[in-house]
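The structure appears right after this line, and notes come after that.
Any read-out appearing in this document is the output of simple, stated calculations on the displayed coordinates, not a laboratory observation. Just so it is clear, the structure is predicted and the values come from calculations on it, not from any experiment. Quick reminder, even Gly has a Cβ in these numbers, built from the backbone with ideal geometry, and neighbours come from all protein chains shown.
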């Protein structure tokens, strides 16, 4: 199967490229924002991608496009960056304008940030009222891809990715990598508020497996949330990480006056179509902890 994957220098995209090449070999071509080994079309600082005849040939022959490339906020403060979020939309337009002469399917990697704040587990039927420009850019991108595919008689699949953890997450200023780094370096971990709010996480390898399975789907089940089924409170999560670290680490309580929201998901649809079994949560945490520990020791 001839496939093009965008965003292959990112957290998800880099792992996806490795797995796709194991599955499909050299028929997988990657759009990357940074140069790397073999089969990549580098588009950084090239408004029209700068494709030559050879690269255009790869695009023209592709049967599947997996669009994982996007600006993803590395911290909450970046989620409303106008220029970067608008760039997600203009990138999709430029991508779809390429000569996809043999295309049969588009898989669009979206985000659970498209959902409104709701009580209870979030399913695919939950209202889509994003609270950030990033979430809005992903929802707009979903519509662009869906309309493009429908107008051309192509199959399309929207995957809304949940809170991903695992090796590679250390690039982001999120609760897991921040806490792990503090534990490794002998510092207290921070707990904002009481830490009773719940979170759901999905392991990076499970996300990759679900994306590749979606490529092979012969039905169009509609939007699928690629999310974990295990929920845990922030306090319990920190305690679990401290236990994994095996160090005498304290929890530093910080006052928090903002709203508390559980972020848990109904994962019945992804289990039915793409991922019947997910990675054990503790096993995944240990893998991420050891990965970051190796990085910190090498500094």
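What the table shows:
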| item | result |
| --- | --- |
| Normalised contact order of the chain, rounded percent, pairs of Cα under 8 Å and 6 or more residues apart | 17 |
| Relative exposure of 192, 100, judged by other C-beta atoms within 10 Å (fewest first) | 192, 100 |
| Angle in degrees between helix 234-245 and the longest Cα principal axis of the chain, rounded to the nearest 10 | 80 |
| Extension gain (nm, one decimal) between residue 104 and residue 131, 0.36 nm per residue minus Cα-Cα | 6.4 nm |
| Order of 110, 259, 272 - criterion: other Cβ atoms within 10 Å of each residue's Cβ, fewest first | 259, 272, 110 |
| Over the chain: helical MRE at 222 nm, DSSP H runs n ≥ 4 each giving -39500 (n - 2.57), nearest 500 | -12500 deg cm²/dmol |
| Segment 3-161 - percent relative contact order, Cα under 8 Å, separation 6 or more | 21 |
| Angle between the chain longest axis and helix 82-96 axis [Cα atoms, degrees, rounded to 10] | 30 |
| Tensor-based shape of segment 218-299 (alpha-carbon gyration tensor, a/c under 1.5 rounded, otherwise prolate or oblate) | oblate |
| In nm, spacing of pseudo-spin labels at residue 220 and residue 150 (7 Å Cα→C-beta vector) | 0.9 |
| Segment 266-299 versus segment 98-121: alpha-carbon centroid distance in Å | 22 |
| Separation in nanometres of the label points that stand 7 Å from Cα toward Cβ, at residue 60 and residue 280 | 5.2 |
| Listed values [x] 6, 23, 25, 21, 15, 8, 2, 0; [y] 6, 29, 39, 23, 2, 0; [z] 6, 26, 35, 23, 9, 2, entry calculated as P(r) over Cα pairs in 10 Å bins from 0, in percent | [z] |
| Stokes-Einstein diffusion coefficient of segment 3-161, Kirkwood radius over Cα pairs, 4 °C, 1.567 mPa s, in µm²/s | 79 |
| Degrees separating the helix 204-216 axis from the principal Cα axis of the chain, which is the longest one | 30 |
| Computed FRET value (nearest 0.05) for residue 272 with residue 1, which takes r as the C-beta separation and R₀ as 30 Å | 0.80 |
| Length gained when the stretch residue 198-residue 19 is fully extended (0.36 nm per residue, less Cα-Cα span) | 61.4 nm |
| Pair residue 299, residue 243: separation of 7 Å Cα→Cβ label points (nm) | 2.7 |
| FRET efficiency, residue 117 to residue 83 (Cβ-Cβ, R0 22 Å, nearest 0.05) | 0.25 |
